[in-house]
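Asker: Have a look at the structure that comes next, please.
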Amino acid sequence: MEKLYLHVFSLLLIICLFPHLKSQDDDFVRQPPRGVIFTHHTGSDEDPQQVHISLVGKDHMKISWVTESKHVKSLVEYGKASGIYDGKATGEHTSYKYFSYNSGKIHHVTIGPLEPATTYFYRCGGSGPEFSFKTAPQKLPLEFAVAGDLGQTEWTKSTLQHIGGMDYDVLLLPGDLSYANSLQPLWDSFGRIVEPYASKRPWMVTEGNHEIENFPPGVMAYNARWQMPYQESGSTSNLYYSFEVVGTHVIMLGSYAEFDAESDQYKWLQADLAKIDRKVTPWVVVLLHAPWYNTNTAHKGEGESMRQAMEELLYKARVDVVFAGHVHAYERFTRVYNNEADPCGPVYMTVGDGGNREGLALMFEDPASPLSLYREPSFGHGRLRIVNETHAFWGWHRNNDSNSVVKDQLWLESLSSSKACLHPGNQKVGSSSVNDEL
């Protein structure tokens with residue numbers, strides 16, 4: 001009873017001191033940040049830990065994990081039945097040192113070819129526990145879970161439970177994974193926290209500012225632990241790449257890599273967009289960390305220089321959706337180009353609300369921009385369901401402790417199905433119908 005009294009008293013005190021934590025449209029109270037979770041490895045030095053998987057090409061999967069022992073082989077055995085492994089693949093390993101910290105042995109093994117919509121069982125290093133994953137379907141529909149700025153707090157745990165509570169095919173994460181901030185053991189802890197989810201479905205990620213080591217500046221830990229399929233898309237950097245899965249071309253951009261017109265990233269993006277066949281992949285989705293459009297007072301304008309450099313490329317390619325993180329809140333814009341509503345521009349969304357330790361970005365500009373259609377400083381995640389070649393359904397799920405509540409949703413129409421937007425001579429059309437699909 002005393003604990004309940006203290007909890008209620010604390011909640012009332014929060015509302016009195018911080019009235020902006022209370023929603024204007026319902027009775028939901030936005031609670032403050034929750035504690036950081038630090039996990040420990042409980043197995044042997046040979047046992048795999050921090051297991052996560054990522055897509056490689058159209059029918060392969062990369063299995064990544066860490067062992068304390070340096071003698072474990074970079075080997076994955078796999079098959080369609082539990083305990084029966086008729087497939088085997090070997091890969092590579094790496095490790096790194098950061099001041100007094102020495103990483104474990106980091107393994108990366110690519111397996112395949114794999115069949116679509118199939119459950120595979122696998123074992124890492126020749127021993128230890130069995131894991132399983134399911135491959136994406138061969139045809140639409142396809143479902144993405146989308147969550148940025150995860151971190152490793154009690155809110156992270158809540159978000160992951162909500163994500164794992166409903167099936168999905170691929171998770172997209174627009175930066176800020178572990179919030180290690182150079183504290184290397186936090187990378188290990190994060191890997192253990194996400195393993196129950198990231199070992200079952202592919203996680204495709206890009207870097208955020210909290211991936212960067214302070215001194216010397218770099219992303220050594222991120223590049224060693226979270227290797228994405230950048231070489232398969234012609235990129236020379238793990239910080240930006242693309243991949244295709246079931247009618248969808250996904251581009252991961254690097255907010256903290258060079259992006260001006262003379263940069264490698266810019267030239268790669270030009271070439272990558274030029275290769276897209278919208279008849280084969282009618283949907284194009286982009287992820288980056290620092291948002292190009294943002295009406296929150298947090299991180300205001302930090303993505304502006306990248307927007308000015310690259311926005312036209314995305315607009316001319318008729319990109320459908322752009323997801324960003326960085327700002328610890330949810331916000332959805334209408335279709336936009338060059339700070340104006342435009343039915344041929346992407347829908348921009350900020351989903352930096354996964355559960356970070358810094359808390360929510362509570363303050364939005366007032367009055368709201370007419371371009372911003374929904375905004376809320378709450379923890380949560382999103383779901384993008386590509387239903388068919390022309391339509392997709394988006395829903396944003398707010399964390400309500402033990403359950404998640406859908407608070408924003410809309411149908412999207414692919415720009416590849418818009419005759420007006422795909423007309424060769426049409427660089428820009430009127431904005432009168434910009435909100436029709438929304």
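The values are calculated or read from the model by the stated rules, or taken from the named source; none is laboratory data. As the structure is a prediction and not an experimental result, all values here were calculated from the model. With ideal geometry, Cβ positions are generated from the backbone for all residues, glycine too; neighbour counts draw on all protein chains shown. Note: areas computed on protein heavy atoms with side chains; ligands, DNA, RNA excluded. Shrake-Rupley method; radii C 1.70, N 1.55, O 1.52, S 1.80 Å.
Asker: Would you mind finding the one in Glu207, Glu258, Glu244, Glu232 that is under 15 Å from Val285 (Cα atoms) and among the acidic types (Asp, Glu)?
Answerer: Going through Glu207, Glu258, Glu244, Glu232 in turn, the sole match is Glu244.
Asker: Would you point out which residue out of His299, His289 is modelled with pLDDT of 95 or more, part of a loop (DSSP other than H, G, I, E, B) and either among the acidic types (Asp, Glu) or open to solvent by less than 10 Å² (accessible area, probe 1.4 Å) (or both)?
Answerer: On inspection, the qualifying residue turns out to be His289.
Asker: Right, another one. Take the conditions touching a residue at least 24 places away in the same chain (Cβ under 8 Å), closer than 27 Å to Ile37 by Cβ, in a loop (DSSP other than H, G, I, E, B) and open to solvent by 20 Å² or more (accessible area, probe 1.4 Å) and apply them to Arg278. Does it pass?
Answerer: The answer is no for Arg278.
Asker: Might you check whether a residue that is loosely packed, with under 15 Cβ neighbours inside 10 Å, touching a Lys or Arg at 6+ places or on another chain (Cβ under 6 Å) and in a loop (DSSP other than H, G, I, E, B) occurs anywhere in region 94-115?
Answerer: Among the residues of region 94-115, at least one is loosely packed, with under 15 Cβ neighbours inside 10 Å, touching a Lys or Arg at 6+ places or on another chain (Cβ under 6 Å) and in a loop (DSSP other than H, G, I, E, B), which makes the answer yes.
Asker: Residues of region 57-90 being closer than 11 Å to Tyr122 by Cα, assigned to a strand (DSSP E or B) and among the charged types (D, E, K, R), which ones?
Answerer: Selection gives Glu77, Lys88.
Asker: Pairs please, first residue from region 68-84 and touching a residue at least 40 places away in the same chain (Cβ under 8 Å), second anywhere and among the β-branched types (Val, Ile, Thr) and part of a loop (DSSP other than H, G, I, E, B), Cβ atoms under 7 Å, 6+ apart in sequence or on different chains.
Answerer: Once the first residue is touching a residue at least 40 places away in the same chain (Cβ under 8 Å) and sits in region 68-84, its partners that are among the β-branched types (Val, Ile, Thr) and part of a loop (DSSP other than H, G, I, E, B) give Lys80/Thr118.
Asker: Go through region 304-350 and report how many residues are closer than 15 Å to Val286 by Cβ, open to solvent by 10 Å² or more (accessible area, probe 1.4 Å) and of a type in the set (Gly, Ala, Ser).
Answerer: 2
Asker: I would also like to ask the following. If you go through region 161-217 one residue at a time, how many are in contact (Cβ under 8 Å) with a residue 12 or more places away in the chain and closer than 21 Å to Leu253 by Cβ?
Answerer: The total comes to 22.
Asker: If I go through region 302-323 residue by residue, how many of them are closer than 13 Å to Val336 by Cβ, out of contact with any helix residue (DSSP H, G or I) (no Cβ under 8 Å at 6 or more places or on another chain) and in a strand (DSSP E or B)?
Answerer: 1
Asker: Does His328 fit the bill of being in contact with an Asp or Glu (Cβ under 7 Å, 6 or more places away or on another chain), in contact (Cβ under 8 Å) with a residue 60 or more places away in the chain and either within 21 Å of Leu362 (Cα to Cα) or not hydroxyl-bearing (Ser, Thr, Tyr) (or both)?
Answerer: Yes.
Asker: With respect to His328, is the statement that it is in a loop (DSSP other than H, G, I, E, B) and under 15 Å from the mean Cα position of the chain (by Cα) true?
Answerer: When the stated conditions are applied, His328 passes them.
Asker: Output the residues belonging to region 331-342 that are outside any strand (DSSP E or B) and at negative phi.
Answerer: Asp342
Asker: Taking strands (runs of 3 or more DSSP E) that fall entirely within region 136-237, which contain at least 2 residues that are farther than 27 Å from Asp264 by Cβ and either open to solvent by 10 Å² or more (accessible area, probe 1.4 Å) or in contact with a helix residue (DSSP H, G or I) (Cβ under 6 Å, 6 or more places away or on another chain) (or both)?
Answerer: Passing ranges, in order: 142-146.
Asker: Let me ask something additional. Could you list, in sequence order, all residues of region 238-250 that are part of a loop (DSSP other than H, G, I, E, B) and among the aliphatic types (A, V, I, L, M)?
Answerer: Within region 238-250, Leu239, Val246 qualify.
Asker: If the requirement is being under 30 Å from Pro137 (Cα atoms), touching a residue at least 12 places away in the same chain (Cβ under 8 Å) and surrounded by fewer than 19 Cβ atoms within 10 Å (Cβ to Cβ), which of these qualifies: Ser369, Ser414, Ser404, Ser418?
Answerer: One residue alone meets the criteria, Ser418.
Asker: Leu160 versus (1) within 19 Å of the chain's Cα centre (by Cα); (2) over 20 Å from His289 (Cα atoms); (3) of a type in the set (A, V, I, L, M): which is the lone unmet condition?
Answerer: Of the numbered conditions (1) within 19 Å of the chain's Cα centre (by Cα); (2) over 20 Å from His289 (Cα atoms); (3) of a type in the set (A, V, I, L, M), the odd one out for Leu160 is (2).
Asker: Also, quick follow-up: Among the candidates Asp366, Asp342, Asp353, which residue alone is among the acidic types (Asp, Glu) and under 19 Å from Gly165 (Cα atoms)?
Answerer: Of Asp366, Asp342, Asp353, the one residue that is among the acidic types (Asp, Glu) and under 19 Å from Gly165 (Cα atoms) is Asp353.
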